[in-house]
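Just below is one structure, and these are the notes that go with it.
The values are calculated or read from the model by the stated rules, or taken from the named source; none is laboratory data. Note that the structure is predicted; figures quoted are calculated from it, not measured. With ideal geometry, Cβ positions are generated from the backbone for all residues, glycine too; neighbour counts draw on all protein chains shown.
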Amino acid sequence: MSDTVCHRHATLPADYSGAVGDVPRRVAERTVVRMEPRSDKLAHARSFGEVAGVYEASRPSYPEVAVSWLVKPEEVRVVDVGAGTGKLSRALHAAGHEVTAVDPSEEMLAVLRQRVPGVQTLTGTGEQLPVHDGSADAVTFAQAWHWVDPVAASIEVARVLRPGGILGLIWNLRDERVDWVRELGVAMRADKGQYTIGMDDDPKVAAPLGAPERAEFGWTQPLEVDAVLQLVRSRSYFAVLDAAGQAEVLGTVRRLLDTHPQLAGRRTIDLPYVTVAYRYHRP
């Protein structure tokens, strides 16, 4: 892995799903959030329990350097929201943090408990967290903030944080500045997804949380070709397609993998990612 220098009473769906040092904030590129209609979010939310195993097997974790930037060692008590199968929770737990994992999907949490023994799990949402006022040093959302009502979730996170605590947001984004990765996104029908690289807006986070620190980290995930299809199957928008729609998407992705000059004939590929992370402080 290499560094690239550079809500309160709504429902939180669970699309989320692992040389050390700080990376300077980079302002040339941003992460933009495209909010979906509420009915679409709820449909996607219901899909995640059905793909918990596929999600766990196919989705990447987060670079260690990104995790250590996101949550500092002194921020001991962490509430990981939208924790899913525990991709970020296990990295935080391994780093010595006291982690409480919160997710609306009991199926996702069941996988987390198997994979990350010793982490407390609670059913809840970003807008209604089942933890006490001022009880956390940090609240994190991995691949999940784009699902929440940002105003309601910001207020709820501030309630849970101690004074001076932080909200940490993190995304693994396929690096679609690479030609074939951009084509893969189109084949996956992910070009209308919730977030992308290269826009001008940071995620929407509301008062009382302050302005963000930002860092990004470039790395690659080695994948067998068949694992790319599993990655497609783990997406929320794929899970809500009918059988014909799913078959069409998988066929389009397979044709790209079989015919693109940079991919054809390869048994494994290195999928480029950029991990983008934000820290917001509670006054």
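A few points about this structure:
- Cβ-Cβ under 8 Å pairs, at least 6 apart or on other chains, the range 108-122 side of a type in the set (D, E, K, R), far side not in a loop (DSSP other than H, G, I, E, B): R113/T121; R115/E56; R115/R90
- Residue check for L256: within 23 Å of N172 (Cβ to Cβ) and touching a Lys or Arg at 6+ places or on another chain (Cβ under 8 Å): no
- Test: residue in the range 133-144 that is over 25 Å from L231 (Cβ atoms) and within 19 Å of the chain's Cα centre (by Cα): yes
- Of the helices (runs of 4 or more DSSP H) contained entirely in the range 169-283, those carrying at least 1 residues that are under 29 Å from L70 (Cβ atoms) fall at 179-187, 225-233, 236-239.
- Given (1) within 18 Å of the chain's Cα centre (by Cα); (2) of a type outside the set (D, E, K, R); (3) at pLDDT below 90, index of the condition G118 fails: (1)
- Filter result for E213 (surrounded by fewer than 18 Cβ atoms within 10 Å (Cβ to Cβ), modelled with pLDDT of 90 or more and within 20 Å of the chain's Cα centre (by Cα)): yes
- Pair list, Cβ < 6 Å and 6+ apart or interchain, from the range 133-148 residues that are closer than 15 Å to V71 by Cβ to residues that are crowded, with 24+ Cβ neighbours inside 10 Å and among the charged types (D, E, K, R): T140/D80
- A110 surrounded by fewer than 23 Cβ atoms within 10 Å (Cβ to Cβ), in contact with a helix residue (DSSP H, G or I) (Cβ under 8 Å, 6 or more places away or on another chain) and not in a strand (DSSP E or B): yes
- For the range 90-107, taking the residues that are more than 19 Å from Y62 (Cβ to Cβ) and more than 17 Å from the chain's Cα centre (by Cα), the one that is surrounded by the most Cβ atoms within 10 Å (Cβ to Cβ) is identified as E107.
- Considering only residues in the range 144-187 that are in contact with a strand residue (DSSP E or B) (Cβ under 6 Å, 6 or more places away or on another chain) and among the aromatic types (F, W, Y), the one that is farthest from A207 (Cα to Cα) turns out to be W171.
- Residue in the range 194-203 that is of a type in the set (F, W, Y) and modelled with pLDDT of 90 or more present: no
- Filtered by the rule that a residue be assigned to a strand (DSSP E or B), within 26 Å of P63 (Cα to Cα) and out of contact with any strand residue (DSSP E or B) (no Cβ under 6 Å at 6 or more places or on another chain), the range 115-143 gives a lone residue, T125.
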